[in-house]
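Report on the structure given below.
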Protein chains: 2
Amino acid sequence: MNTNRQILLINRPKGMPSQENFKLISSQIPEINDGEVLIQTIYLSVDPYMRGRMRGIKTYTNPYELNEVLTGGVVGEIIESKNDWFSPGDIIEGRLDWADYSVSDGNGIRKVNPTIAPITTALGVVGMPGLTAYFGLLDIGKPKEGETIVVSGAAGAVGTVVGQIAKLKGCRVVGIAGSQEKRDYLEKELGFDVTINYKEENMLQTLRKKCPDGIDVYFDNVGGEVSDAVMHLINFQARIIVCGQISEYNKEQPQYGPRVQRFMLNSSALMKAFIVGDYADRFQEGYNQLGKWVQEGKLKYRENIVEGLENTPRAFMGLFMGENIGKQLVRVLTES
Amino acid sequence: MNTNRQILLINRPKGMPSQENFKLISSQIPEINDGEVLIQTIYLSVDPYMRGRMRGIKTYTNPYELNEVLTGGVVGEIIESKNDWFSPGDIIEGRLDWADYSVSDGNGIRKVNPTIAPITTALGVVGMPGLTAYFGLLDIGKPKEGETIVVSGAAGAVGTVVGQIAKLKGCRVVGIAGSQEKRDYLEKELGFDVTINYKEENMLQTLRKKCPDGIDVYFDNVGGEVSDAVMHLINFQARIIVCGQISEYNKEQPQYGPRVQRFMLNSSALMKAFIVGDYADRFQEGYNQLGKWVQEGKLKYRENIVEGLENTPRAFMGLFMGENIGKQLVRVLTES
């Protein structure tokens, strides 16, 4: 393969993203300059937050530019190096191109140790989603033994880690997900105490039943009516971690719901939104702890792998249709 | 005066409170037992939070019971004491009856030093509203020099203190209030940088103009559409202090507005609700600092005083009609 296939964003999604928003092009494999490395993509990550960057509005990250190559989490191999910190054969992870090859000056890529866990985990349980769960739950949620914690998007890459860490901390964990298969996985394989299928239940009634002692911590990946229902049941000094709002990302306008402030005032509650980058100075702590838990078998994970760079847009769209259990990846190069 | 007039809650307000919810009765001046004191009310405080307790629903405080005497902030004089900690003639403050006389066992009342500031301030700037402003702003808001802080309900007992403390911390202070008289007071007497009359302006457009650098801290006493507008302009790591929601207290159902989570996620924002009681172990620190600022002339205040216990319900209702600038009090006994 002498060409570099790349995926461009050619127009901005209105509502649900579709194939028409993306274009696959072929170009030359880039040359590298002093200080740079050439990376061959092995796995790509698709993540819900990318939908926000496609809107073209400046938020916490810069928007994707039209007609440029999309970027996201990549695990790849150093093919060529003019940077003293990296050698050919090194496996690295970083935010790189949706492409067969990327160039990096070494900033924002990190070496992955394949002996700790499979390299795919550098995009999942020991990568950005794992860190997101770790810092959001422990730093904002501060779960205490015996507390009730509710996780929305419980079967996703972040939610699965949140629930398991909460169990490690001695909490009663209630997971909200959208299928029986997801419920079974969470309860039988990950040890969640209770799960709820939000598509089949009246959320407020069901939460009342399943959370008889109220809700102390709510880790919110979803937003919308699920979160509206949770507000009715929060306990005194509850902590609400706003991590994602996947139910709203494809909406052009802010959606309306019952205002949260009065519920919060009734319980002196905390709501804190964050992105994982807020904890950049503590990433190594997170990698160490998550890697240790994985090695000890305390943190389980599942990956959903789509084959082929050309199928990346479809894998991305699948995130918004609830297709994945655990981490959604794209395999770009078959490992040798 | 040998009788004790008392005000009862005889039915629960639907929407705006009215005279029909209250009843003035006369009874005997109570006898006291060992360990108790008899207090003659000098001033009563009326506060927006009381509306919540009239709903009959358990929140952070127990609801007022029907056909019982209402309670609230009182400054009074010890008339008779069978408690070693208090002597006749002492001026005290505490949560006591809407009545000419109250009995206390000494728990929850504190002596007021009339040489620091007029005794009325024990219900205002050096009392519960002052503490509310002090802890909410400093502990949750953590204002930094040069930041922009917006205060809703800016001309009220809490808002006036919030704005002045924020000025002492070197912030640019934007006050939202409901009349030109209030605006003039805030800008000319209290040194607010900018004020906005929410009744006359499109809040979002006006806030955009008046907060060109965005909003770092929002101290919310009001809620509703004013708060909806603020969300559009919050900066990265903004802090939102939910102290009151006076625009919603007379609504039977939670009101709908644009969901806040997406705005918060775009700026890694914090929203924290609180009541002053959350800081009970630090009250003395607050009294000391607020008293010092008042004595130094750094903290100004205004009081709005209605005469006569029988007019307490009317003074209370006035809170929801925006009648008061600063602290709303009722004088029950003319000071000798």
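Things to note:
- Scanning region B:244-264 for residues that are assigned to a loop (DSSP other than H, G, I, E, B) and more than 7 Å from chain A (Cβ to nearest Cβ) yields B:Gly244, B:Ile246, B:Ser247, B:Tyr249, B:Asn250, B:Lys251, B:Glu252, B:Gln253.
- Those residues of region A:204-231 which are at the interface with chain B (Cβ under 9 Å from one of its Cβ atoms), on the phi < 0 side of the Ramachandran plot and surrounded by fewer than 24 Cβ atoms within 10 Å (Cβ to Cβ), in sequence order: A:Asp228
So that you can scan it fast, the table gives a plain yes or no per residue for (1) without any contact (Cβ under 8 Å) to a residue 40 or more places away in the chain; (2) under 30 Å from A:Ala177 (Cβ atoms); (3) surrounded by 24 or more Cβ atoms within 10 Å (Cβ to Cβ); (4) hydrophobic (A, V, I, L, M, F, W, C):
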{"position": "A:Glu65", "(1), (2), (3), (4)": "no, no, no, no"}
{"position": "A:Ser81", "(1), (2), (3), (4)": "no, no, no, no"}
{"position": "A:Ala99", "(1), (2), (3), (4)": "no, no, yes, yes"}
{"position": "A:Asn107", "(1), (2), (3), (4)": "yes, no, no, no"}
{"position": "A:Leu123", "(1), (2), (3), (4)": "no, yes, yes, yes"}
{"position": "A:Lys142", "(1), (2), (3), (4)": "no, yes, no, no"}
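- Number of the exception - A:Asp184 against (1) without any contact (Cβ under 8 Å) to a residue 24 or more places away in the chain; (2) within 30 Å of B:Ile57 (Cα to Cα); (3) surrounded by fewer than 16 Cβ atoms within 10 Å (Cβ to Cβ): (2)
- Against the conditions (1) in contact with a Gly (Cβ under 8 Å, 6 or more places away or on another chain); (2) closer than 30 Å to A:Glu77 by Cβ, A:Gly322 satisfies every one except (2).
- Of all residues in region A:233-243 being facing another protein chain (nearest Cβ under 9 Å) and surrounded by fewer than 20 Cβ atoms within 10 Å (Cβ to Cβ), the one that is farthest from B:Ala238 (Cα to Cα): A:Phe236
- Any hit, region A:75-92, residues being in contact with a strand residue (DSSP E or B) (Cβ under 7 Å, 6 or more places away or on another chain) and at positive phi: yes
- Being touching a Leu at 6+ places or on another chain (Cβ under 8 Å), away from chain A (no Cβ under 14 Å) and closer than 30 Å to A:Ser267 by Cα is a property that B:Gly124 has.
- Condition check for A:Leu299: touching an Asp or Glu at 6+ places or on another chain (Cβ under 8 Å), of a type in the set (A, V, I, L, M, F, W, C) and surrounded by 13 or more Cβ atoms within 10 Å (Cβ to Cβ): no
A short reminder: the numbers here are calculations on the coordinates, not readings from a lab. Keep in mind the model is a prediction, meaning the values are calculated, not measured. Virtual Cβ from ideal backbone geometry, glycine too; neighbours counted across all protein chains shown.
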